[in-house]
Amino acid sequence: GCKQVISACKEAGLGVVEPFGGYFILVDTSPLGLEFDTSQVEYDIQCVNWLTEHKKLAGIPLSLFFGKNKHISEKYIRLCFAKSEETLRKGGDIIRDIMK
């Protein structure tokens, strides 16, 4: 599962922080080139909302874990790989096609 998601992200040109354990990978969404007005809502929150609405790919914003230091994770999201093989395959296809 983890290797599938990492491979799809790398194929799409997205940076990945590979985990040593757990069920999530961190993904740098900067290469997507998305721009949001962050005066009210953090970039990563808007990014996961956009990915869910427009690409049907659900992620988890990291800023929620950083409190007043949320700028550290501004362009990163978490993707879970504790999913069925079918869901991972579909997710991998979405990720690979995301930059097209």
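Quick rundown of the values:
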quantity: Region 52-72, residues that are open to solvent by less than 80 Å² (accessible area, probe 1.4 Å), free of Cβ contacts under 8 Å to residues at least 24 places away in the same chain and of a type in the set (A, V, I, L, M); calculated: A58
quantity: The one condition in (1) within 15 Å of the chain's Cα centre (by Cα); (2) modelled with pLDDT of 95 or more that F36 fails to fulfil; calculated: (1)
quantity: Flag for V16 being free of Cβ contacts under 8 Å to residues at least 24 places away in the same chain, among the hydrophobic types (A, V, I, L, M, F, W, C) and under 23 Å from E86 (Cβ atoms); calculated: yes
quantity: Index of the failed condition, I98 passing every other in (1) at pLDDT 95 or above; (2) β-branched (V, I, T); (3) under 15 Å from V5 (Cα atoms); (4) crowded, with 18+ Cβ neighbours inside 10 Å; calculated: (1)
quantity: Of the criteria (1) hydroxyl-bearing (S, T, Y); (2) in contact with a strand residue (DSSP E or B) (Cβ under 7 Å, 6 or more places away or on another chain); (3) at pLDDT 95 or above, which one Y23 fails; calculated: (3)
quantity: Residues of region 37-48 that turn out to be open to solvent by less than 50 Å² (accessible area, probe 1.4 Å) and either free of Cβ contacts under 8 Å to residues at least 24 places away in the same chain or within 20 Å of A82 (Cα to Cα) (or both), as a count; calculated: 3
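The values are calculated or read from the model by the stated rules, or taken from the named source; none is laboratory data. The shown structure was predicted, so the numbers you read here are calculated from the model rather than taken from an experiment. A quick note on method: Cβ atoms are made from the backbone with ideal geometry, for glycine too, and the neighbour counts reach across all protein chains shown. Side chains are part of the model used for accessible areas, which takes the heavy atoms of the whole protein and leaves out ligands, DNA and RNA. Shrake-Rupley method; radii C 1.70, N 1.55, O 1.52, S 1.80 Å.
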